[in-house]
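The values are calculated or read from the model by the stated rules, or taken from the named source; none is laboratory data. What you see is a predicted model; the values in this text were computed from it and never measured. Neighbour counts are summed over all protein chains in view; Cβ atoms, including those assigned to glycine, are modelled from backbone coordinates with ideal geometry.
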Amino acid sequence: MFGFGVVGQGLYDILRTKDLNIELRKIAIRDAGKARSLPAEYFTTNAAILLEDPEINTIVELINDADAAFDIVSAALASGKNVVSANKKMIAANLETLINLQNRYGTSLLYEGAVCGSIPIIRNLEEYYDNELLHSVSGIFNGSSNYILSKIFNENTGYDAALKEAQYLGFAETDPTLDVGGFDAKYKLVIATAHAYGLLTTPGEVFNAGIQHLSGWDIQYAREKNYRIKLIPAAIRLPGNRVVLYVMPRLIRQDDFLYNVENEYNAVTVQAAFSDQQFFFGKGAGGHPTGSAVLSDITALRYSYQYEYKKFHHPDPPQLTSDYQVHVYLRYNDQAVLDALDFEEVYERLYTTGFNYVTGKISLASLIRNRELLSGPEVFIAEIGGTKTSTLVEQPGMAALEGAYG
Ligand SMILES: NC(=O)c1ccc[n+]([C@@H]2O[C@H](COP(=O)([O-])OP(=O)(O)OC[C@H]3O[C@@H](n4cnc5c(N)ncnc54)[C@H](OP(=O)(O)O)[C@@H]3O)[C@@H](O)[C@H]2O)c1
């Protein structure tokens, strides 16, 4: 095992609970001087001791450094070892290379714990929805920002205090911008999209806006209209075999399942042609919930499980598009932001001292073009959700179903 932090220790606790016939041979860590809860002989700072041991058949990678994790995982796969990882940043950034390595060396890389912690969504997208036409996959993929939003909306906690609590409880990434800026949710979305649609993208291609500039004005606006704010990644299949991807805060109505997903809980909503809407709910962060997904992957390797990436072999692969209109709420100070964004329709506008907002429709392409402007400290943008089927794209007629997989 590489890493003995929140998830590594969580996994160790689980392994101790029963006899699973798993021998934990060695734990690689970074800091040899840190106090540990296990005897010193378990630990090493020398990666080669694990990677070059012919008796180790599985590497479990649970470190908080994506670049080092990529080197470890690639070396392990290339040396014939199977790998389990929970490192969404590393996987999202290198998925194509990692798939190629698995194919080339006949090894398996599993990463259920990387997407929504304890929720078994990757194996479901890969196996269960193999032949379903998925209209959309969305949800709450980041426990830390959801925890912060819950504290703000339910307990009137300030943003900074809520973030500190999330960090203290081990839900937050080492760098909190990854959580609150929507990056972590985006990495998970990129991975989920590969298994849902057979579409390989990189995080750089996907628009993300976060909650880091949420203000009292935005909270007041949401409360007055009976909304809660959640950070939502969405993958939506459009007619013409196109897929749109983005991560944005969303104003959620009470009739949406996601409205009541609180604290570190995560949820995934799958909208499919035949099974209709399905909802997965569970803990998305923390040592034991994530450790349980990692354990499930370790034991799946016993029956030689590997992702087949079946949807990549579809003869007509989907294309990523930004040709999509989003209904948004935008708070801004500088008129230049509004001018640059080029709203296609405007429904509501308010100008007061210190608080200007507009609601209306804007193209995702314009959001992508204006990423820099939107990341400024005096701007907050959120999608305005409709009903629980807000991400439902028109029900396809039989002709459209020809694009279904399988
Ligand atoms: N925390 C969660 O709830 C959660 C949920 C899902 C996925 N994840 C993912 O799981 C991974 C681990 O997260 P975490 O929260 O457990 O991190 P963490 O608590 O910060 O622990 C990180 C561990 O990695 C070790 N480490 C860092 N660089 C290393 C290197 N080059 N070689 C060997 N060990 C190294 C650290 O060693 P030292 O102990 O010596 O510092 C530490 O033990 C991350 O990819 C994270 O995104 C976390």
Kindly indicate whether A93 is among the small types (G, A, S) and crowded, with 23+ Cβ neighbours inside 10 Å. no
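Suppose the filter is under 26 Å from L178 (Cα atoms), at pLDDT 95 or above and over 22 Å from the mean Cα position of the chain (by Cα); does R250 pass it? Talk me through it step by step, then tell me what you get.
Working: under 26 Å from L178 (Cα atoms): yes; at pLDDT 95 or above: yes; over 22 Å from the mean Cα position of the chain (by Cα): no.
It is false that R250 is under 26 Å from L178 (Cα atoms), at pLDDT 95 or above and over 22 Å from the mean Cα position of the chain (by Cα).
Matching residues to (1) in contact (Cβ under 8 Å) with a residue 24 or more places away in the chain; (2) of a type in the set (D, E, K, R):
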position: N146; (1), (2): yes, no
position: S150; (1), (2): yes, no
position: G158; (1), (2): no, no
position: E165; (1), (2): no, yes
position: P176; (1), (2): yes, no
position: F183; (1), (2): yes, no
position: G216; (1), (2): no, no
Let me confirm something: among I59, I63, which residue is within 13 Å of the ligand (Cβ to nearest atom), in a loop (DSSP other than H, G, I, E, B), of a type in the set (A, V, I, L, M) and buried (at least 18 other Cβ atoms within 10 Å of the Cβ)? I63
Subset of the range 23-42 [in a loop (DSSP other than H, G, I, E, B) and surrounded by 13 or more Cβ atoms within 10 Å (Cβ to Cβ)]: L24, R25, K26, I29, R30, R36
Residues that are acidic (D, E) and surrounded by fewer than 22 Cβ atoms within 10 Å (Cβ to Cβ), at least 1 per element: which helices (runs of 4 or more DSSP H) completely within the range 133-225 meet that? 143-155, 159-168, 216-224
Which residue out of Y129, Y105 is over 18 Å from the mean Cα position of the chain (by Cα), more than 9 Å from the ligand (Cβ to nearest atom), within 24 Å of L258 (Cβ to Cβ) and surrounded by fewer than 22 Cβ atoms within 10 Å (Cβ to Cβ)? Y129
Working carefully through the options L110, L51, find the one that is under 28 Å from V190 (Cβ atoms), within 15 Å of the ligand (Cβ to nearest atom) and touching an Asp or Glu at 6+ places or on another chain (Cβ under 6 Å). L110
Within the range 70-85, is there a residue that is at pLDDT 95 or above, surrounded by fewer than 15 Cβ atoms within 10 Å (Cβ to Cβ) and within 11 Å of the ligand (Cβ to nearest atom)? yes
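In the range 285-393, which helices (runs of 4 or more DSSP H) lie fully inside it and hold 3 or more residues that are within 30 Å of I59 (Cα to Cα) and of a type in the set (A, V, I, L, M)?
287-300
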